[in-house]
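Undergrad: Have a look at this one.
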Amino acid sequence: MFRNSIHRSLKSTRALHSANTTRLFSSSISRLYGLRPLDVLSEEEEMIRETVQRFANEVVKPKVREMDENEKMDPEVIKGLFDQGLMGIETSAVHGGSESSFTSAIIAIEELAKVDPSVSVLCDVHNTLVNTVVRKYATEKQKEKWLPLLATEHLGSFCLSEPASGSDAFALQSKAQKVGNDYLLNGTKMWITNSYEADIFLIFANVDPSKGYKGITCFIATKDMGIEIAKKEQKLGIRASSTCTLNFDDVKIPAENIIGGEGQGYKIAIEILNEGRIGIAAQMLGLAQGAFTLSVPYTYTRNQFKQPIGTFQGMAFSFAEAATHIESAKLLTYNAARRKEAGLSFVKEAAMAKWWASKVAQEVSGNAIEWMGGLGFTRETGVEKFWRDSKIGAIYEGTSNIQLQTIAKFIQKEYTP
């Protein structure tokens, strides 16, 4: 049930602190300057971390291998995410959500990825893309209709990519023609996350191709309007996360289902994808931590040449380097999240976090297989799954080269005389 641990705990935590709005920190520097380390969590954030850890280990973990082998998300896992209040983390309590922070959502994504990145990305896309678009750009009437559904029972999907528009998202070819009080939508979307299980879809289509990208408009639709799930991809990693091709053949969508206004879709997509990149960074961060935690303890129980293999200098130095890279990815990710939350510019920081966390995830999960030797190469341990899952981090929600291009533009702007 959604009226559950997170919502009740958040309510009691806020009540407890209503009379004391100033938080004191343990260090003298914190007390003097009001500063805190990036990875020191508030009580709300720590409570969410503990809740997600418990859910991930008790509910998700026993199902991970089966879901990966079957390439299918267990419906009970999705239901559990809703029941735990993890599918409306930033959504207001009035609309059935947990009314927590963006950083709280990032923490939830990170914790889920430590156990199963497939479940993590399902939660990520639903929260940081779908929910955020409705919260930020929908009318009050639209919020009242859609946010409670998204917070309590209906999975959302974000439909932007197409066969001819991946990194060049605004080259999309899907069109929506106005007919009376409706729009007829025609086109194809590819690589759409959550689409097999989703009930609610945010679809980007051009209502006036003569205007180029300024004709792109965001629509909210339901599967029963005639959306066809044409093909479910068979992937290297995150297999339990559905990735499908969608077809639209004169799908009728009411004009009242336009989000943010006609022609505003390109602005929505740009802004939301920048936020979404922090979510992917959190997913990759959690993945790296999960692989590290799963593999390193084994090296202290496996003896060769009369000592644990983890105590050999070569292994020990490899662990130290990996741990440092994970910590740096964590700080980049949390910094981007905190900046976004504070209303500061975060586009460069989000790109840095996603690029680096993706590299670290691939590096650490690959090394983890080698640390465990032949055992790591088997599917029994689950370490090889982390490596397979890590490859997508350099691809979706902006490839690594797109992130580097974004960072380079900021550098050029700052340093050009």
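Undergrad: Mind telling me which of the residues Thr399, Thr378 ends up being polar (S, T, N, Q) and without any contact (Cβ under 8 Å) to a residue 12 or more places away in the chain?
TA: Details: Thr399 fails: without any contact (Cβ under 8 Å) to a residue 12 or more places away in the chain.
It is Thr378.
Undergrad: Restricting to region 60-104, what's the tally of residues that are open to solvent by 50 Å² or more (accessible area, probe 1.4 Å) and either free of Cβ contacts under 8 Å to residues at least 24 places away in the same chain or part of a helix (DSSP H, G or I) (or both)?
TA: The total comes to 11.
Undergrad: Just give me the residues in region 145-171 being open to solvent by 40 Å² or more (accessible area, probe 1.4 Å), over 18 Å from Glu90 (Cβ atoms) and in contact with a Phe, Trp or Tyr (Cβ under 7 Å, 6 or more places away or on another chain), in sequence order.
TA: Listed by number, the list holds a single entry, Phe170.
Undergrad: As an exercise: evaluate Ala291 against (1) open to solvent by 10 Å² or more (accessible area, probe 1.4 Å); (2) touching a helix residue (DSSP H, G or I) at 6+ places or on another chain (Cβ under 8 Å) and give the number of the one condition it does not meet.
TA: (1)
Undergrad: How many of the residues making up region 220-270 are in a helix (DSSP H, G or I) and touching a helix residue (DSSP H, G or I) at 6+ places or on another chain (Cβ under 7 Å)? It would help to see each step written out before you state the result.
TA: First, the residues of region 220-270 that are in a helix (DSSP H, G or I): 223-225, 255-257, 265-270.
With touching a helix residue (DSSP H, G or I) at 6+ places or on another chain (Cβ under 7 Å) added as a condition, the list becomes 266, 268-269.
Qualifying residue count, region 220-270: 3.
Undergrad: Identify the residue in region 175-195 that is surrounded by fewer than 21 Cβ atoms within 10 Å (Cβ to Cβ) and in contact with a Lys or Arg (Cβ under 9 Å, 6 or more places away or on another chain) and, among all such residues, is nearest to Ile238 (Cα to Cα).
TA: Met190
Yes or no, residue by residue, for (1) buried (at least 17 other Cβ atoms within 10 Å of the Cβ); (2) part of a loop (DSSP other than H, G, I, E, B); (3) at pLDDT below 95; (4) over 19 Å from the mean Cα position of the chain (by Cα):
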{"site": "Ala320", "(1), (2), (3), (4)": "no, no, no, yes"}
{"site": "Arg338", "(1), (2), (3), (4)": "yes, no, no, no"}
{"site": "Ala350", "(1), (2), (3), (4)": "yes, no, no, no"}
{"site": "Lys354", "(1), (2), (3), (4)": "yes, no, no, no"}
{"site": "Val360", "(1), (2), (3), (4)": "yes, no, no, no"}
{"site": "Gly393", "(1), (2), (3), (4)": "yes, no, no, no"}
{"site": "Gly398", "(1), (2), (3), (4)": "yes, yes, yes, no"}
{"site": "Lys413", "(1), (2), (3), (4)": "no, no, no, yes"}
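Undergrad: For region 362-391: of the residues being part of a helix (DSSP H, G or I) and of a type in the set (S, T, N, Q), which is nearest to the chain's Cα centre (by Cα)?
TA: Looking only at region 362-391, we keep the residues that are part of a helix (DSSP H, G or I), and these are 362-371, 373-377, 383-391.
From what's left, of a type in the set (S, T, N, Q): 362, 365, 367, 390.
Working: Gln362: 17, Ser365: 19, Asn367: 24, Ser390: 13 Å.
Across region 362-391, the extreme among qualifying residues is Ser390.
Undergrad: Separate question: Please go through region 36-59 and pick out each residue that is touching a residue at least 24 places away in the same chain (Cβ under 8 Å), outside any loop (DSSP other than H, G, I, E, B) and open to solvent by 50 Å² or more (accessible area, probe 1.4 Å).
TA: Within region 36-59, Glu43, Gln53, Asn57 qualify.
Undergrad: Can you work out which of the residues in region 207-253 that are at pLDDT 95 or above, within 23 Å of Val119 (Cα to Cα) and of a type in the set (D, E, K, R) is least open to solvent (accessible area, probe 1.4 Å)?
TA: So the residue we want is Glu233.
Undergrad: Related question: Within the bounds of region 269-283, is there any residue that is surrounded by fewer than 24 Cβ atoms within 10 Å (Cβ to Cβ), among the aliphatic types (A, V, I, L, M) and more than 30 Å from Phe204 (Cα to Cα)?
TA: no
The values are calculated or read from the model by the stated rules, or taken from the named source; none is laboratory data. Remember, it's a predicted structure, so these values are computed and weren't measured experimentally. In this analysis, Cβ positions are derived from the backbone assuming ideal geometry, glycine residues included, and neighbour counts consider all displayed protein chains. In case anyone asks, the SASA skips ligands and DNA or RNA and just uses the protein heavy atoms, side chains included. Shrake-Rupley method; radii C 1.70, N 1.55, O 1.52, S 1.80 Å.
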